[in-house]
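To keep things clear, I will list the structure first and then write my remarks on it.
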Amino acid sequence: MTPDRRLIGSVVTLAVLLLTLAVGFVSHAALRSFEAELKPELEREATIVGSIGAQTLQRALDLGVPFDGLSGLDEYLTTLLATQPGLAYVLLTDAGGRVVARAGEAQAEFRGLPPGSAPPDRGAVTRLLGRSYDAAQPLLANGRLAGWVHVGIARARLDTALGDMRWDVLVVLLVVLLATAEFLRFILSRTVSAPIAMVLRLQARLGAGDWTVRAPGDIGAEAGRVARHLNVLVRRMNDRWERLCWLAAESSAARRTTAILAEVGGKLRFGAATATEGLGAGAASARLPLFLFVFAEQLSTSFNPLHALALAGGDSGVLGAALPIATFVAAVALATPWGGEIVARRGPRAAMMWGILPAAIGHLGAALAPDVASFAVARAVCGAGYAIVTIACQVHLAQEAPRGRVARSLGGFTAAVMTGAVCGTAIGAVLADRLGFRLTYGVSMLVVLGIALLVWAQFAPGGGSAAPRAGLWRSARAAFAEPRFAVLVVLAAIPAKVLLGGFIFFLAPLELRELGLSQAAIGRNVMLYGLCMLPAIVVGAWIADRSGRGGLVIAAAGVLNGAGLMLPLWLAPDIALPGAIIATGVAQGLAAAPMLAIIPDIARGAVGSAAMLSFLRLAERFGSVVGPPAAASLLALGGGRQTMLVLGILSLATAIGYALALLFRSARREDPA
Amino acid sequence: MTGSLSFATRLSGLLAAMLVVGCGLAASLNYLKFERMLLEQQARVLEILAGDLGDTVQNGLALGVRLAGIPGGQALLERSRAAEPLVAGLSIVDATGIVLFDTDRQNLNAPASPVALDGRIETGPWRYRDGARYGIGVPIINGFGQYEGAVLLGYERGAVDERLGSVLLSMVQATLLALAVALPLGAIGIHLVTRRTRRWFAAMEAAMQPGAAPEPLAATLQGAIGEASADLAAAEHRLEAIAADLPEEVRT
């Protein structure tokens, strides 16, 4: 067992424990002090409403109307309650605390002030009664206490705010924990796991008698010292060998000395032409910038359509609001082949730097955009950067992955993208709630610039190649000539992305806002998609591997997604919307791995897996481009509920179509005649 | 410089940085939310006051009095201002924006700040911000539903800032306390959980020294070194022997 086997788990556990306790303590203290500071403000509101209500009654008493002779009290109190939203009740009691008139829902435990309570010199008597703040204004007749006007402010508003803030704290904690895990993985990989693996590889080679190897000299920490000692050891052994060669050369008994050297040379290899054993930490080192890049990009996911809608001019510009999402995805689709070219020619590091530049400019443009057209252009620029950076990271992960572990490395790519998406979406909504949309785009730009520094410092240059690439159209024709691939693209990949772009990125934020949710709550709901997708990816891959029926998993996921989007038929919108988001996350997660795993099987004998994968991605981008405008058109025509139903029917129909195609193919295989 | 730092120190540094970021984010985001909620609550309370003043003026209009001639208008504003310390200034303007009554008498008959009337809504209250001063406007509508003017209530955020200062102080104290406990605990924890790995690196380092004592953790490496060393030593011994024997062979 290698010494780093339990290290990552132990360090992450320690970090989770400390961060949870520290952030929890700070938040608890913050919420407590906030409640203490907001309470007097709520009491003041109750006092002011009470004093306004008491004025009219006091005027009547001052004119000589006896307290018992006041009429129309219930109507008056009802009017007072109706004019001020957020009041729980307005009550009138006599001097003994007996309720004379009431409006609103006073709690059962309401008791008037006890007889003999002295009226305050100024203001009201305030107290906490059950779930309400109660402010009691005295009414005086002939200088003597005649009664009290009680105004209750429900704590619900405060409780809602505190609940909202607790959720935000949980989001912050989740994001910090996930980010910490990514940073820890990065540091541990570079300073512990990769160096230990390298030392073990070197040790195996030395054990096999290969004394030509060297450890890289640019490692830091303990691993660097071990590497330097190892190089000194290898040098020492090589010096001893050279001395033997010199001794043999000095001797005139050439036959005997040559035999001795040959005997040693048969067991051990020495030489000046040494080979440096690589550190092999590249795969992990690409995960962190990818995570951060996706994090920066997804900061705006929960409010992109809202910002676009505001720029497009309110609800009249629903179609315009879909434009920035469509231009972003279109730019990603168009720039992906170009990004591939850059990576191929210049290597991942240069490509990443090339991609980061438009991404940063795009975020800045989005922050400053005065109208929806310039916002759409800025998002398109972001999309171009996104395409280049993600493809550069993907290639880098594949290049740096240890032999035989490419699939696992690329699994790390999906995990980094999804973790970044979950963190970005959630914290982006919280930031937008506090800082506003434009400043949040500014934060995205700063994170992207930070990634540029990280890539510049940590990535090795080079990695490009001048190898010729196959013709695009020829590959496309060959790929789509394979019916299984065409069916997969048309009935599974494209519909899935239409739902993702149309529902998750466009419709869900708008519909959640219609429910009156705060920006942070919208973000939390949209985040459910990524949170559910992460485990579903693992489950989908496991089911597909165990059962060997990836196609059925894809079809079942489509049915699940369709059913989820049809939830508004049976449930209230406040439950149906999060339910549909969860169903979409689970369904898309379940289908993700089988969709990729099916490609090598289909590609056999037709066209390369890599080319088919890239066409699958291109088709998915097409679906993402079509999704938002399609959803916007449906929204403009029939409303959010109808749009969800149509998208659900689309998912069900294509999933059933895909399942039938699988059955048809299976039947033909069993009955070749 | 960073190259010489041990991996445990780097991990402790990262954990410390993330603790600071986590606590800082929780504190600052909560603070920003508090600020918005407190400002909203203050505005809400003052909106009720401004609305009540508007109702009082409208009751006067209902008696057939013109807005400029509302009896006791100036006194009403001054009384209201004195009753509520949050209010920085009150004025009543006519439909053209000219100030008819104001707690600051210097403003009488002058046009009101355009900022205050820019966002005017004739169906309900509106809010505005004029430099450091916040404000609430309430329309005055006559019995025929026509816009006659507005009550403008100006306020400053001094009271909110006081409360925010108190919240901030409590959060800073909590953050410092949390960090004071968590940072050393983190460093100790990292030191403990990395012991095994540090020992392994140290053993590997020691095993490669000439004449190193046996290191159980680096037994394989020491085996490889020992084997190669023995082969080289044996060959060396034989070559030296050949070199020593040579003159005798030549003699024979």
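Some notes on this structure:
- The lysines within cross-link reach of B:Lys33, meaning a Cα-to-Cα straight distance under 17 Å and a gap of 8 or more places when in the same chain, are A:Lys39.
- Between the beta carbons of A:Arg228 and A:Leu453, assuming R0 = 30 Å, the FRET efficiency works out to 0.60 to the nearest 0.05.
- Note on segment B:119-158: the alpha carbon radius of gyration divided by the globular reference 2.2 N^0.38 Å gives 1.29.
- Dipole of segment B:99-252, positive end: most advanced residue of B:Leu100, B:Leu232, B:Ala174 [Cβ charges, Cα centre]: B:Leu100
- Taking the chain by itself as reference, segment A:40-63 contains these residues with an accessible-area loss of 50 Å² or more in the full protein complex (1.4 Å probe, heavy atoms): A:Glu41, A:Arg44, A:Glu45, A:Ile48, A:Ile52.
- Carbon/sulfur fraction of accessible area - segment B:2-162, other protein chains in place, 1.4 Å, %: 54 percent
- In degrees, nearest ten, helix A:550-565 long axis to first principal axis of chain A (Cα): 20 degrees
- Annotation: amide H of A:Gly220 has no partner in the under-5 Å range at sequence separation 5 or more or interchain, hydrogens built in the peptide plane.
- Computed magnitude of the charge dipole of chain B (debye, nearest 20; Cβ of K, R +1, Cβ of D, E -1): 700 debye
- Convex hull volume of the protein assembly as shown per residue (C-alpha atoms, cubic angstrom): 226 Å³
- Against the main long axis of the alpha-carbon atoms of chain B, helix B:219-251 sits at an angle near 30°.
- Cα-based Rg and Dmax for chain B, where Dmax is the largest Cα-Cα distance (Å): 41.5, 148
- Space enclosed by the convex hull of the alpha-carbon atoms of segment A:471-673, per residue, Å³: 128 Å³
- Only aspartates and glutamates eight or more places from A:Lys497 in sequence, or on another chain, were considered; those with a Cα closer than 17 Å are A:Glu620.
- Check: chain A dipole with +1 on Lys, Arg Cβ and -1 on Asp, Glu Cβ, in debye: 3240 debye
- Contact surface B-A: accessible area buried, both sides summed, square angstrom, 1.4 angstrom probe: 7800 Å²
- Accessible solvent surface per residue of the protein assembly as shown, calculated while the other protein chains remain in place, 1.4 angstrom probe, Å²: 44 Å²
- With 10 Å² as the minimum drop in accessible area between chain alone and full protein complex (1.4 Å probe), the qualifying residues in segment A:416-441 are A:Ile427, A:Val430, A:Leu431, A:Asp433, A:Arg434, A:Leu435.
- For B:Ala159 and A:Ala653, the FRET efficiency from 1/(1 + (r/R0)^6), where r spans their Cβ atoms and R0 equals 56 Å, is about 0.40.
- Farthest toward positive dipole pole in the protein assembly as shown [+1 Lys/Arg, -1 Asp/Glu at C-beta], among A:Ile656, A:Pro138, A:Ala667: A:Ala667
- For chain A, the fraction of 1.4 Å probe accessible surface lying on carbon and sulfur atoms is 63 percent.
- Crossing angle, helix A:73-83 versus chain A [Cα axis fit, 0-90 degrees, rounded to tens]: 30 degrees
- Heavy atoms of B:His237: accessible area, 1.4 Å probe, square angstrom to 10: 130 Å²
- Based on C-alpha pairs under 8 angstrom that are at least 6 apart in sequence, chain B has a relative contact order of 18 percent.
The values are calculated or read from the model by the stated rules, or taken from the named source; none is laboratory data. Only a predicted model underlies this, so the values are computations on that prediction, with no experimental measurement involved. Virtual Cβ from ideal backbone geometry, glycine too; neighbours counted across all protein chains shown. Heads up: the accessible areas ignore ligands, DNA and RNA and are worked out on the full protein's heavy atoms, side chains in. Shrake-Rupley method; radii C 1.70, N 1.55, O 1.52, S 1.80 Å.
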